[in-house]
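Okay, structure first, notes after.
Values in this text are rule-based calculations from the coordinates and carry no lab data. Because the structure is predicted, anything quoted here is derived from the model rather than measured. Cβ placement follows ideal geometry from the backbone for every residue including glycine, while neighbour counts extend to all protein chains displayed.
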Amino acid sequence: MSGITLTRKHKNALSSLLRMGLNLPLVILIILPLIYTFIMSVIPADELYTRLLPTRWDFVSYLNVFEKTGIPRQILNSFVVAGSVTLLQMITCSMAAFAFSFLQFKGRNLVFMIILATMMVPWEATIISNYLTVSGWGWLDSYKAMILPYACSAMGIFLMRQNYLTFARELHEAAKLDGCNNWRFLLSIVIPLARPALGALGAYVFLLQWNQYLWPLLVTNSDKVRTAQIGISQLYDIDSEQIGLMMAGVVVVLVPSLSIFVFMQKQLINGLMAGAVKG
């Protein structure tokens, strides 16, 4: 028995080493560009083209990002837009998913299938109509143009519905027998139980909106409402020879999204997997 146990331990160790060996190149490919970006942001100008690693760290580029560019205001705009869209989608998708999960009404499955079908329509196919709509309403150069078109999403409704379907039907029936209406049942019972899915939805939507570039570029012309992703592209126009400035701006803009991923990756994975096999 001891020989069999030892053999199994060896096999498990070899399997772990093999997985580590296969994953290590992928990790290097992912992390290396981030490390290179940071090094280029702190390397002194006189060593930029002569050394791979700096002999001293120079953070003047970060000071210039905050003092000589519009990045701070644009980061604030990104927080406003991404945070608002995240909050709106958590509210609207939760309520819509509740209707498709717990309420019985004529054409429920048909309406849900139509909503899912919109996920197969490329966003580029609707960009002209969306632009003409917000332009006709006079929303250009405003937060509304960047927030309201994303107030709800088919992906969010699908994610929350799949999570709600894992709840026992008897829970809703028992709540109704006790005199609990749908609003109270949603707010007091369903939402607390669905926190992992809500966390996953919030992290997913925030990261998606934080990295939005094309739509904010189309609907804004003023730097007062433009977002951080546009600000990064504008750093090249300020001085294309200041590579350290551009790299420092990239690092500053990356920090919030990387922080969300690092601290919420567990909730993101658990929430996306919840109800994945439920029909």
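Could you give log10 I(q)/I(0) at q = 0.09, 0.12, 0.13, 0.15 Å⁻¹ for segment 68-273, computed by the Debye formula over C-alpha point scatterers of equal weight, without solvent? For segment 68-273, the Cα-only Debye profile gives -0.44, -0.72, -0.82, -1.01.
Helix by helix through the chain, keep the DSSP H runs that span 30 Å or more along the axis on Cα and average at least 1.6 on Kyte-Doolittle, and give those back in order.
Those that clear 30 Å and a mean of 1.6 are 243-273.
Ellipticity at 222 nm from helices only: DSSP H runs of n ≥ 4 in the chain, each -39500 (n - 2.57), divided by the residue count, give -23000 deg cm²/dmol. Overall, the ratio between the Cα radius of gyration of segment 92-183 and 2.2 N^0.38 Å, rounded to two decimals, is 1.40. Each Lys and Arg adds +1 at its Cβ and each Asp and Glu adds -1 at its Cβ; summed about the Cα centre, the chain shows a dipole of about 1320 debye.
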